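The values are calculated or read from the model by the stated rules, or taken from the named source; none is laboratory data. Just so it is clear, the model here is predicted, and its values are computed rather than measured. No Cβ is skipped: glycine too gets one built from the backbone with ideal geometry, and neighbour counts run over all protein chains shown. Heavy atoms of the whole protein, side chains included, go into the accessibility calculation; ligands, DNA and RNA do not. Shrake-Rupley method; radii C 1.70, N 1.55, O 1.52, S 1.80 Å.
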Amino acid sequence: MRLYAISDLHLASDASFERLAALPDHPEDWLILAGDIAETADTLGRAFAMLSAKFARLIWVPGNHELWTRARSPAAPRGVERYESLVALARQHGVVTPEDPYPVWPGPGGEHAIAPLFLLYDYSFRPADLPVEEVVAWAAEESAVCADELLLHPDPYPTRQEWCRARVEDTARRLAALPAGLPTILVNHYPLRRDLVRIPRIPRFSPWCGTVLTEDWHRRFRAAVAVSGHL
């Protein structure tokens with residue numbers, strides 16, 4: 001029994017699914033999907049169906065690409081509604097989401113609570129002297145602006161920062177309620193610490209990479225392993 005993790009598959013074409021189909025079956029193993037598996041709900045559902053047939057259990061957190069709303073229709077889900085629709089899709093395939101009870105890994109290494117997290121970012125991974133309202137212009141000077149500025153909506157929150165803070169506060173309460181002696185495996189699309197953001201080719205992309213509110217979570221919540229993607 002093994003625990004695997006992967007992220008940022010960005011599945012889109014039939015060729016990418018052919019590669020996925022070629023994976024051997026892992027009937028006893030668990031797989032963590034750390035976000036940006038696909039950009040459309042249909043493609044994400046196809047991935048869930050294929051991988052849930054190969055692994056005993058899937059644990060998923062959303063990436064920013066999965067939260068994008070490309071459709072111009074007023075009926076297209078945005079923000080929280082978009083996220084909740086993806087949670088519902090995952091549950092249809094038996095996939096564990098950030099809204100579900102944290103499963104306990106029973107395999108090698110002893111029991112660990114696997115905590116899938118959805119925390120977003122708040123532009124705090126930026127230079128200390130840079131006002132938050134100038135982040136986008138600063139990043140644009142080196143062509144590093146994230147497409148989230150056009151496609152990832154915070155509705156009904158006024159800003160992504162406020163959505164992030166709400167997610168962080170709610171998740172911290174859930175993690176604090178875990179048994180005191182139970183180690184954790186923390187899974188978040190974004191790194192939990194700023195020093196883990198190493199992107200030398202586009203350093204000004206860092207404001208879209210996490211929040212300083214989680215800098216101590218690996219110690220605070222007894223993380224044996226922290227899984228992330230995005231970079």
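Taking the condition of being under 19 Å from residue 77 (Cα atoms) and in contact (Cβ under 8 Å) with a residue 60 or more places away in the chain, how many residues in the range 138-189 meet it?
Residues flagged as under 19 Å from residue 77 (Cα atoms) and in contact (Cβ under 8 Å) with a residue 60 or more places away in the chain within the range 138-189 amount to 10.
Report, ordered by the first and then the second residue, all pairs with beta carbons closer than 6 Å, sequence separation of six or more or different chains, a first member in the range 204-224 that is closer than 9 Å to residue 123 by Cα, and a second member that is of a type in the set (Lys, Arg).
Note: pairs meeting the criteria are 207/126.
Going through the range 82-137 one residue at a time, which ones are in contact (Cβ under 8 Å) with a residue 40 or more places away in the chain, over 19 Å from residue 191 (Cβ atoms), of a type in the set (Val, Ile, Thr) and touching a helix residue (DSSP H, G or I) at 6+ places or on another chain (Cβ under 9 Å)?
Within the range 82-137, 95 is the sole residue that qualifies.
Report the residue count in the range 68-116 for those that are small (Gly, Ala, Ser) and modelled with pLDDT under 95.
Residues in the range 68-116 being small (Gly, Ala, Ser) and modelled with pLDDT under 95: 7 in total.
Only one residue in 80, 132, 87, 96 is of a type in the set (Val, Ile, Thr) and loosely packed, with under 14 Cβ neighbours inside 10 Å, so which one is that? Lay out the reasoning, then the answer.
Details: 80 fails: loosely packed, with under 14 Cβ neighbours inside 10 Å; 87 fails: loosely packed, with under 14 Cβ neighbours inside 10 Å; 96 fails: loosely packed, with under 14 Cβ neighbours inside 10 Å.
Matching residue, one of 80, 132, 87, 96: 132.
For a quick check of your reading of the model, give me the residue pairs whose first member lies in the range 2-22 and is in contact (Cβ under 8 Å) with a residue 24 or more places away in the chain, whose second is among the hydroxyl-bearing types (Ser, Thr, Tyr), with beta-carbon atoms closer than 9 Å and at least 6 apart or on different chains.
Final answer for the pair search is 7/228; 9/16; 10/16; 11/43; 12/40; 12/43; 17/43.
Listed residues 180, 137, 147; which is modelled with pLDDT under 95, out of contact with any Cys (no Cβ under 7 Å at 6 or more places or on another chain) and farther than 18 Å from residue 98 by Cα?
Details: 137 fails: modelled with pLDDT under 95; 147 fails: modelled with pLDDT under 95.
After ruling out the rest, the residue left standing is 180.
Tell me which residues, restricted to the range 59-77, are touching an Asp or Glu at 6+ places or on another chain (Cβ under 7 Å) and open to solvent by less than 10 Å² (accessible area, probe 1.4 Å).
Result: 63, 64, 66.
Does the range 153-167 contain any residue that is at pLDDT 95 or above and under 30 Å from residue 108 (Cα atoms)? Spell out the reasoning first.
Narrowing the range 153-167 to residues at pLDDT 95 or above: 153-167.
Within this subset, residues satisfying the condition of being under 30 Å from residue 108 (Cα atoms) are none.
No, every residue in the range 153-167 fails to be at pLDDT 95 or above and under 30 Å from residue 108 (Cα atoms).
When the residues of the range 173-231 are narrowed to those that are open to solvent by 60 Å² or more (accessible area, probe 1.4 Å) and within 13 Å of the chain's Cα centre (by Cα), which ends up nearest to residue 140 (Cα to Cα)?
So the residue we want is 231.
When only residues in the range 1-58 that are open to solvent by 70 Å² or more (accessible area, probe 1.4 Å) and within 21 Å of residue 119 (Cβ to Cβ) count, which is nearest to the chain's Cα centre (by Cα)?
Per the stated criteria, the residue is 6.
Examine the range 161-172 for a residue that is under 22 Å from residue 52 (Cβ atoms) and either in a loop (DSSP other than H, G, I, E, B) or under 16 Å from the mean Cα position of the chain (by Cα) (or both), and state whether such a residue exists. Explain how you work it out, then say what you get.
Here is the first cut: in the range 161-172, the residues under 22 Å from residue 52 (Cβ atoms) are none.
No: the range 161-172 contains no residue that is under 22 Å from residue 52 (Cβ atoms) and either in a loop (DSSP other than H, G, I, E, B) or under 16 Å from the mean Cα position of the chain (by Cα) (or both).
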